[in-house]
């Protein structure tokens, strides 16, 4: 009888203590909870460049889409630079809010371009493999920071030109490239290849 009374008393005591301990614990955790800091302007720029690089490499972004995205990115970078020069190298909270809104718009555009029906198709031939190889080199430059947004936009403009040339040649020859076509495209690709190298090492 004494043992069962002891157990009942112990259970009642535990029942009273647990809610108090839980409340104290939850109260202390709420006061000690640190909210994660939102990403900085720089962190978001790097993240968006990584997303673009992945889109180039996977073929989800065409040369034209990449050119447009990187032109917008270059514009943002220029605006940020102007804001900093106006405030002794710093960004005001109004500057950050404005840039964040623009980065949100660009982030949505990256998502839309990567998930639309347009994809880069290179073909299983020497010309196609070379085009894909050059896009991979551009993607690596975007990812590691050796290419700026402005440089990438210019390179992708050249790549878009090569793609249009190839498309026009194929249309004129029943979907095929003649030997003369391949030679002409190869010369264009040589020029773009040198420009990729020069811009990545400038």
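For the range 148-171, the candidate set comprises residues that are surrounded by fewer than 18 Cβ atoms within 10 Å (Cβ to Cβ) and free of Cβ contacts under 8 Å to residues at least 24 places away in the same chain; within that set, the residue that is farthest from residue 130 (Cα to Cα) is 171. Pairs only if they're at least six apart or on different chains, beta carbon under 8 angstrom, first in the range 59-72 and under 22 Å from residue 129 (Cβ atoms), second in a loop (DSSP other than H, G, I, E, B) and modelled with pLDDT of 95 or more; list them, first residue then second. Going by the 8 Å Cβ cut-off, the qualifying pairs are 60/115. Residues that are modelled with pLDDT of 95 or more and over 21 Å from the mean Cα position of the chain (by Cα) do not occur anywhere in the range 123-132.
In the range 36-61, the qualifying residues are those that are over 19 Å from residue 150 (Cβ atoms) and surrounded by 16 or more Cβ atoms within 10 Å (Cβ to Cβ), and the one that is nearest to the chain's Cα centre (by Cα) is 54. Can you find, within the range 94-126, the residue that is farthest from residue 61 (Cα to Cα) among those that are touching a residue at least 60 places away in the same chain (Cβ under 8 Å) and buried (at least 18 other Cβ atoms within 10 Å of the Cβ)? Only one residue fits best here, namely 103. Residue 17 passes every criterion in (1) surrounded by 10 or more Cβ atoms within 10 Å (Cβ to Cβ); (2) modelled with pLDDT of 85 or more apart from (2).
The values are calculated or read from the model by the stated rules, or taken from the named source; none is laboratory data. These numbers come from a predicted model, not from an experiment. Note that each Cβ is placed from the backbone with ideal geometry, even for glycine, and that neighbours are counted across all protein chains shown.
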